[in-house]
Amino acid sequence: MKSDCADIRVTDSSGATLPFWTATAPTANTCNQTTTKLWVKLSSLPTSGSTIYIYYGNADATTVSNGSNVFSTFADFTTGSSLPTGWVQTDVGTSGTATVGSGVLTITNTNGEDVWQKVYGATHVYNNSTVNGSFVAEALVNSQSDVNPWAKTGITVQNSVAAAVGNGHAF
């Protein structure tokens, strides 16, 4: 296997090529390791299961890994130093910053208090996406400073970033 995983190809049992993404964030050298993750988009997954094949070993291959072909909303923050197109940072009742570097999105909030009822102080970084039905949202939280006893870090699913709206949280 190539050190950058560019030679990986995924097919279904009929030989049809399947779109996939090789997760390499937060560090670029996680390919060909025990921590390497492949996300594969299947047209369906019967309850009886399905067989997929993963091929590698072509030294001339170039990468076809593409998260945008696998997920309806995708960003791995591995390129550039600013938020990807379509992503927004906003502050509600507080002030903060969002920076991108080396596959890591860093959100700094200077004086946020909580995201509960009428007390609302948060720095949000989001992509306005419509979600119907089931979905997967994944975030790796590296650290959180103890700035407030009610401070939270993670994924928030909500209808608005305005204060005092109905929230659904996943921490």
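The values are calculated or read from the model by the stated rules, or taken from the named source; none is laboratory data. As the structure is a computational prediction, the values presented were derived from the model and not from experiment. Cβ: placed from backbone, ideal geometry, glycine included. Neighbour counts: every protein chain shown. What goes into the accessible areas is simple: the full protein's heavy atoms, side chains included, and nothing from ligands, DNA or RNA. Shrake-Rupley method; radii C 1.70, N 1.55, O 1.52, S 1.80 Å.
Quick notes on this one:
- Segment 62-100, residues that are among the aromatic types (Phe, Trp, Tyr) and open to solvent by less than 40 Å² (accessible area, probe 1.4 Å): Phe77
- The listed residue being open to solvent by 70 Å² or more (accessible area, probe 1.4 Å), of a type in the set (Val, Ile, Thr) and at pLDDT 85 or above, out of Thr47, Thr35: Thr47
- Yes/no for Thr110 being open to solvent by 30 Å² or more (accessible area, probe 1.4 Å), of a type outside the set (D, E, K, R), at pLDDT 80 or above and farther than 30 Å from Phe20 by Cβ: no
- Yes/no for Ser43 being in a loop (DSSP other than H, G, I, E, B), of a type in the set (Gly, Ala, Ser) and in contact with a Phe, Trp or Tyr (Cβ under 9 Å, 6 or more places away or on another chain): no
- Criterion (more than 21 Å from Ala139 (Cβ to Cβ), at pLDDT 85 or above, loosely packed, with under 11 Cβ neighbours inside 10 Å and in contact with a Lys or Arg (Cβ under 8 Å, 6 or more places away or on another chain)) met by exactly one of Ala16, Ala59: Ala59
- The single condition among (1) in a loop (DSSP other than H, G, I, E, B); (2) open to solvent by less than 60 Å² (accessible area, probe 1.4 Å); (3) modelled with pLDDT of 80 or more; (4) not small (Gly, Ala, Ser) that Pro26 does not meet is (3).
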